[in-house]
Amino acid sequence: MSLYSAVLQAIEAYPQEAAARPVFPTAAALAGLYQLPGELPLHGLAPEVVLRLLADHAGPATVHTNSGRYFGFVTGASLPAAQAANMLAAAWDQNAAYRVMSPAAVHLEEIALRWLAQLLAVPATALGGFVTGATMANFTAMAAARHHLLALRGWDAEKEGLFGAPPFPVVVGAEVHVSVLKALAMLGLGKDRLIRVPTDSQGRMDPAQFPALSEPALVCLQAGNVNTGALDSPTLIAQAHESGSWVHVDGAFGLWSPAARYTAADSWATDGHKWLNLPYDSGIVFVRNPAALAGAMDISASYLHASGTEPVARGPESSRRARGMDAYAGLLSLGEQGVRDLIERCCGHARTFAAGLATAGVEILNEVSLNQVLAALPTEEQTLAWLSAIQAAGDCWCGSTVWRGRRAIRISVSSWATTEEDVERSLQSMLRSLPAGN
Ligand SMILES: *Cc1c(COP(=O)(O)O)cnc(C)c1O
């Protein structure tokens, strides 16, 4: 059998194989990883042999995130059309840094970005780019913000660096995602000099406690709290704009909420590989002011083309994979209504989980307004014992979190593949796993 036929066979066999075993690999499957060569051989192996080793020993040790019963983190699966396009793009070996390197990749990225702006209610004139994930999308957007806010103060951040630069305030919610803090640290803006706005019971910034800003600041809103799914109020955008501030929205998954209304913001970050169910790695950034993004990210060199609106001028990377191809394929296979249905379906499943657990006496700690459910038993010990039993049962997988001091199980419904049967089977498994006395 040719190498590619063998790959296709392995790909086709995977869903059934994986569905027949626990979502998280067994200890025996994990031990199988040590059957893989751990030392670099002097002489290489045939591609067919390499593939066989991976299929036999790495495949069984994969977490079956592509099943409809994976509810860990906020990760989603990957849409068949997007996955297929991803494989094709890999076979074509396209580099999406510049149009001249891959006219096809750049063309498809541009269409996909236009569709994404439309779906996310981002202005059509905003400049968008593909990056590795929401962490880099936050980084890229806030680099553009830094360029703009320092230019207002007569400082060129890219030319002069930050030594001696005039400071500007950075405002985040008390429930800011750690990736925003990491991005701020990488940008030299610091993560300990922030104005942190107190949040309400769902983790939303309290508008009444939003600071009165006397100068243009960087304000980071959050669309989709990682625990509760709650969205910061879009009315904060106008409030922040009164001071000439730049409003960035970290909407890794929450920007896909039908309730997300952030058109008036200045920059937006979201993930393709979470709720849109694209393959890794896929993040998307949009910036209203194209000059600010170009100011932060443009490069020029004698052998390179004037970059202007090339992908290389829209994010930190140069050479990279053709992310837009799988975005294009995924969106084309869903259509606008398909995207809406995917989101609505996940939210409905989350409500089913919450209702089913509450009926059995489990406490639901959040208002289930999106795709997140936080479930807890009276004590941390009981909750952790319950979680271990759920994970050991293997019908589904979810992780834990701490919400407002309470240990909780976090069920995140983000997969296109989750069916009502998946929800029912997972719910029954969760109920059977409840410790005695509950
Ligand atoms: C997941 C997430 C991120 C980080 O996204 P990556 O794709 O993992 O880089 C940022 N913000 C929020 C709210 C998230 O949920």
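Things to note:
- Here VAL176, VAL180, VAL226, VAL172 are screened, and the one residue that is within 17 Å of SER267 (Cα to Cα), within 16 Å of the ligand (Cβ to nearest atom) and open to solvent by 10 Å² or more (accessible area, probe 1.4 Å) is VAL176.
- Leading residue by the ranking (nearest to the ligand (Cβ to nearest atom)) among those in segment 284-299 that are open to solvent by less than 10 Å² (accessible area, probe 1.4 Å) and not in a strand (DSSP E or B): LEU293
- Criterion violated by ALA89 - all others in (1) away from the ligand (no atom under 16 Å from the Cβ); (2) assigned to a loop (DSSP other than H, G, I, E, B) satisfied: (2)
One line per residue, one yes/no per condition, for (1) more than 16 Å from the ligand (Cβ to nearest atom); (2) open to solvent by 10 Å² or more (accessible area, probe 1.4 Å):
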| site | (1), (2) |
| --- | --- |
| MET101 | yes, yes |
| ALA105 | yes, no |
| ALA126 | yes, yes |
| THR135 | no, yes |
| ALA141 | no, no |
| LYS159 | yes, yes |
| PHE163 | yes, yes |
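- Qualifying residue in segment 211-223 (condition: under 26 Å from LEU332 (Cβ atoms), within 16 Å of the ligand (Cβ to nearest atom) and touching a residue at least 12 places away in the same chain (Cβ under 8 Å)): yes
- Among strands (runs of 3 or more DSSP E) entirely within segment 114-199, having at least 2 residues that are more than 21 Å from GLU317 (Cα to Cα) and at pLDDT 95 or above singles out 170-173, 195-197.
- Of all residues in segment 234-283, exactly one satisfies the criterion of being away from the ligand (no atom under 16 Å from the Cβ), assigned to a helix (DSSP H, G or I), of a type in the set (Gly, Ala, Ser) and touching a strand residue (DSSP E or B) at 6+ places or on another chain (Cβ under 7 Å), namely ALA240.
- Where VAL74 falls short, out of the listed (1) away from the ligand (no atom under 16 Å from the Cβ); (2) within 30 Å of ALA327 (Cβ to Cβ); (3) part of a loop (DSSP other than H, G, I, E, B); (4) open to solvent by less than 80 Å² (accessible area, probe 1.4 Å): (1)
The values are calculated or read from the model by the stated rules, or taken from the named source; none is laboratory data. No experiment lies behind these values; they were computed from the predicted model shown. Please note: Cβ atoms are built from the backbone with ideal geometry, for glycine as well, and neighbour counts cover all protein chains shown. Heads up: the accessible areas ignore ligands, DNA and RNA and are worked out on the full protein's heavy atoms, side chains in. Shrake-Rupley method; radii C 1.70, N 1.55, O 1.52, S 1.80 Å.
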